[in-house]
1. Across region 218-234, what is the total count of residues that are more than 20 Å from residue 47 (Cβ to Cβ), surrounded by 17 or more Cβ atoms within 10 Å (Cβ to Cβ) and either of a type outside the set (S, T, N, Q) or within 16 Å of ligand 2 (Cβ to nearest atom) (or both)?
2. Looking only at region 29-47, filter to residues that are within 11 Å of the chain's Cα centre (by Cα) and more than 9 Å from ligand 2 (Cβ to nearest atom); which one of those is nearest to residue 197 (Cα to Cα)?
3. Looking at region 85-92, can you tell me whether even one residue there is in contact with a Leu (Cβ under 8 Å, 6 or more places away or on another chain), among the aliphatic types (A, V, I, L, M) and within 16 Å of ligand 2 (Cβ to nearest atom)?
4. Determine whether region 67-81 contains at least one residue that is within 16 Å of ligand 1 (Cβ to nearest atom), open to solvent by 50 Å² or more (accessible area, probe 1.4 Å), within 18 Å of the chain's Cα centre (by Cα) and of a type in the set (Phe, Trp, Tyr).
5. Listed residues 125, 79, 22, 111; which is within 30 Å of residue 235 (Cβ to Cβ) and touching a Leu at 6+ places or on another chain (Cβ under 9 Å)?
6. Just to be sure I understand the filter: pairs with C-beta atoms under 7 Å, separated by 6 or more residues or on different chains, first member in region 42-61 and near ligand 1 (Cβ under 8 Å from one of its atoms), second member of a type outside the set (Lys, Arg) and part of a helix (DSSP H, G or I). Which pairs pass?
7. Filter region 3-19 for residues that are touching a strand residue (DSSP E or B) at 6+ places or on another chain (Cβ under 6 Å) and not in a loop (DSSP other than H, G, I, E, B); which is farthest from ligand 1 (Cβ to nearest atom)?
8. Out of the residues in region 194-210 that are in contact (Cβ under 8 Å) with a residue 12 or more places away in the chain and more than 14 Å from ligand 2 (Cβ to nearest atom), state the one that is most open to solvent (accessible area, probe 1.4 Å).
Amino acid sequence: MTVTPLLQISKLSKSFGGVQAVSQVSFDLNEGELLGVIGPNGSGKTTLVNLISRFVKPSSGKVIYKGRPIHSLPAYKIVRLGIARTFQMVRPFYQLPAYKNMIIPLFSPRVKGLVGGKYGDRDAVALDLLEEVGFERDAHVAYKIAGALPQGYLKRLELAKAIALEPDLIILDELFSGLSLAEVASIVPIIEKLRLQGKTIIMIEHRLKELFKIADRIIVMNYGEKIADGPSSEVMEQDEVKNAYLGTE
Ligand SMILES: Nc1ncnc2c1ncn2[C@@H]1O[C@H](COP(=O)(O)OP(=O)(O)OP(=O)(O)O)[C@@H](O)[C@H]1O
Ligand SMILES: [Mg+2]
């Protein structure tokens, strides 16, 4: 029996003027997989996420999700279909308390359309979700204004906003960047829990050591192209990958 991949990317390309940010990238992603995407700065990783979540329109190529082309849909429809992403640059409403930042996803049509009264009291749901990603309830961190929170909590807030959308596919763009080893270690179990819940995850990361511990598979990007795709232990052994990394360090 063949299983249709959750996501099928086919010859996806994006150029900005003369810059070929993403070039003819193809890959499949199966349900429940945790895919790591790595590559030097400027290699096209964020653009790839932007193309899937349709924050950026592809120049050419296809994105098929659950068997259906989505590359022509607007971003809000992609969210409704169950794809959520976090941003490399966190952009909360700095003047609002952390839990009030959860309003946007919790009032989205995606959440409204989900069954049950679970989302009845949205403030309570916001506080629960933030606790799930490590906002200690006893310390009342969720009530602090976002602008007063350190980077670690802002990254957790990003994650909570994505989880609130009850996505099937979660794309995390450098969730670990700017975090201490201890903070990363405390977020890893949250990601592992999402996997146990059956979520499919794409993680763009520069923190290779931490990523390799949890990823099933790694794609390596360089100058907009996919130069490797396979188990983490194998991709780093490839000469082209070594060169791409040595060239930037
Ligand atoms: N909106 C844009 N307009 C013009 N050029 C862009 C735009 N977005 C990205 N680029 C260019 O496309 C290339 C890929 O950028 P992208 O942000 O996707 O790389 P990245 O792999 O995410 O890098 P980093 O590791 O630094 O986050 C870069 O040359 C970048 O300058
Ligand atoms: Mg990026």
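The values are calculated or read from the model by the stated rules, or taken from the named source; none is laboratory data. It should be emphasised that the depicted structure is a prediction, and the values quoted were computed from it without experimental measurement. Reconstructed Cβ throughout: ideal geometry from the backbone, glycine too, with neighbour counts over all protein chains shown. Areas reflect the complete protein model, heavy atoms only, side chains present, ligands, DNA and RNA absent. Shrake-Rupley method; radii C 1.70, N 1.55, O 1.52, S 1.80 Å.
1. As a first pass, look at region 218-234 and keep what is more than 20 Å from residue 47 (Cβ to Cβ): 230-234.
Among the residues that remain, those that are also surrounded by 17 or more Cβ atoms within 10 Å (Cβ to Cβ) are: 232.
Next, only the ones that are either of a type outside the set (S, T, N, Q) or within 16 Å of ligand 2 (Cβ to nearest atom) (or both) stay: none.
So the answer is 0.
2. Selected residue: 34.
3. Taking region 85-92 as the starting set, the residues that turn out to be in contact with a Leu (Cβ under 8 Å, 6 or more places away or on another chain) are 85-86, 90, 92.
Going one step further and asking which of them are among the aliphatic types (A, V, I, L, M), we end up with 90.
From what is left, the residues that are within 16 Å of ligand 2 (Cβ to nearest atom) are 90.
Yes; the residues of region 85-92 include at least one that is in contact with a Leu (Cβ under 8 Å, 6 or more places away or on another chain), among the aliphatic types (A, V, I, L, M) and within 16 Å of ligand 2 (Cβ to nearest atom).
4. The answer is no, given that none of the residues of region 67-81 is within 16 Å of ligand 1 (Cβ to nearest atom), open to solvent by 50 Å² or more (accessible area, probe 1.4 Å), within 18 Å of the chain's Cα centre (by Cα) and of a type in the set (Phe, Trp, Tyr).
5. 22
6. Every condition considered, the pairs that remain are 56/47; 56/50.
7. Of everything passing the filter in region 3-19, 8 is farthest from ligand 1 (Cβ to nearest atom).
8. Taking the candidates together, the pick is 195.
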